[in-house]
Amino acid sequence: MRILVVEDDEMILRTLEFRLKKDGYEIAVAKDGKEALEKIKSNSFNLVITDLMLPFVTGMEVLSYIKSNLAELPVIVLSGADEEGTILEAFKLGADDFIAKPFSPGELTLRVKRLLVRYSAGR
Amino acid sequence: MGIFILLTMELSGNEQAFKVCNLTYLRNFAGGDEGFIRQMIELFFIQVPDELNNIRQHLTINNLSDVKNTAHKLKSSVALLGAESMASRLKQIEDLALAEAAAEGIMDLHCELVQINEEAVKELKAYLVGV
């Protein structure tokens, strides 16, 4: 299973990579929204995990692109714990789940697995 | 009594008294991988001063939007090392920048953050030596 992680904060990115690789996933990384869109257009992923605050192209724009063009690609958005309004907006755009930072490793594992199982089974 | 004092004074890296940081979350996340913990601490040494410097530079040109965004991002990063006193000040900076408050208040918080970060760095360097 291939997961694209979109995050410009190096420390958060390393924690995501560490846990997801430990869980056995193949990870690709994009450090801004523009790079994320380029990778999404030229590669195949089973899941995208994206922060919302990104340089150049925002996480919302990445999410919007995916839901308009690759409806079967699930997206988990990362957010700060105090961003209720932003999270609601992301859900309106079609986000499949969200994880608040800082996240527990167990929560990350469960939410990723749950979505991948759901989408593999054809929702 | 003498033995008791000796035992309480003996601190390993894991029992080190932290005032700024708390590595509980990171240790839980690492699941025993000390290399990962070390990597994250070394990233902290690089990332935090860089972003604090960015906040200061944004503030000098009154770019409150970037002050807010930088503080917002950094808040999550320092929380990984349990630096709550830093996270709470970054939250205050975020709120002040959003409210377009006077730069002076934000600058005071920034100065506090620089000092707290110096303490954090000392603690973490001592931890790395002890590991």
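The values are calculated or read from the model by the stated rules, or taken from the named source; none is laboratory data. Keep in mind that what you see is a predicted model, and the values were worked out from it rather than measured. Quick reminder, even Gly has a Cβ in these numbers, built from the backbone with ideal geometry, and neighbours come from all protein chains shown. Remember, those area values only see protein heavy atoms, side chains included, never the ligands or the DNA or RNA. Shrake-Rupley method; radii C 1.70, N 1.55, O 1.52, S 1.80 Å.
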Point to revise | Failed item, numbered, when A:ASN46 is tested on (1) open to solvent by 40 Å² or more (accessible area, probe 1.4 Å); (2) of a type outside the set (A, V, I, L, M, F, W, C); (3) out of contact with any Pro (no Cβ under 9 Å at 6 or more places or on another chain) | key: (3)
Check your understanding: Quick one: is B:VAL114 aliphatic (A, V, I, L, M), at negative phi and surrounded by fewer than 16 Cβ atoms within 10 Å (Cβ to Cβ)?
Key -> yes
Check your understanding: Does A:SER104 satisfy the criteria of being of a type in the set (S, T, N, Q), closer than 19 Å to B:LEU74 by Cα, within 14 Å of chain B (Cβ to nearest Cβ) and open to solvent by 30 Å² or more (accessible area, probe 1.4 Å)?
Key -> yes
Review point. Looking at the stretch B:80-94, which of its residues are in contact with a Leu (Cβ under 8 Å, 6 or more places away or on another chain) and in a helix (DSSP H, G or I)?
Key: B:LEU80, B:MET86, B:ARG89, B:LEU90, B:GLN92, B:ILE93
Check your understanding: Do the conditions hold for B:GLU119, that is, is it out of contact with any Leu (no Cβ under 6 Å at 6 or more places or on another chain) and either crowded, with 20+ Cβ neighbours inside 10 Å or in contact (Cβ under 8 Å) with a residue 40 or more places away in the chain (or both)?
Key -> yes
Exercise for review: Would you check if B:TYR127 is open to solvent by 20 Å² or more (accessible area, probe 1.4 Å), in contact with a Gly (Cβ under 6 Å, 6 or more places away or on another chain) and among the hydroxyl-bearing types (Ser, Thr, Tyr)?
Suggested key: no
Check your understanding: So which residues in the stretch A:24-43 are in contact (Cβ under 8 Å) with a residue 40 or more places away in the chain and surrounded by 15 or more Cβ atoms within 10 Å (Cβ to Cβ)?
Key -> A:TYR25
Review point. Residues of the stretch A:69-101 being in contact (Cβ under 8 Å) with a residue 40 or more places away in the chain and open to solvent by 50 Å² or more (accessible area, probe 1.4 Å), which ones?
Key: A:GLU72
Revision key, fill the gap. Out of (1) closer than 20 Å to A:GLY94 by Cβ; (2) within 12 Å of another protein chain (Cβ to nearest Cβ), the one A:SER44 does not meet is (2)
Check your understanding: Does A:MET11 fit the bill of being within 30 Å of B:ILE46 (Cα to Cα), without any contact (Cβ under 8 Å) to a residue 24 or more places away in the chain and buried (at least 18 other Cβ atoms within 10 Å of the Cβ)?
Key -> yes
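Take the residues of the stretch A:14-31 that are closer than 17 Å to A:ARG111 by Cα and of a type in the set (A, V, I, L, M): which is nearest to the other protein chains (Cβ to nearest Cβ)?
First pass over the stretch A:14-31, keeping only residues closer than 17 Å to A:ARG111 by Cα: A:15-27.
After this cut, where a residue has to be of a type in the set (A, V, I, L, M) as well, the list is A:16, A:20, A:27.
Values: A:LEU16: 11, A:LEU20: 12, A:ILE27: 15 Å.
Taking the candidates together, the pick is A:LEU16.
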Point to revise | Counted residues, the stretch B:38-79 - those being part of a helix (DSSP H, G or I), over 14 Å from the mean Cα position of the chain (by Cα), surrounded by fewer than 20 Cβ atoms within 10 Å (Cβ to Cβ) and in contact (Cβ under 8 Å) with a residue 24 or more places away in the chain | key: 4
Review point. Within the stretch A:74-85, which residues are modelled with pLDDT of 95 or more and not β-branched (Val, Ile, Thr)?
Key: A:PRO74
Revision key, fill the gap. Note: among A:VAL48, A:VAL75, A:VAL62, just one is closer than 19 Å to B:HIS72 by Cβ, within 11 Å of the chain's Cα centre (by Cα) and not aromatic (Phe, Trp, Tyr), namely A:VAL62
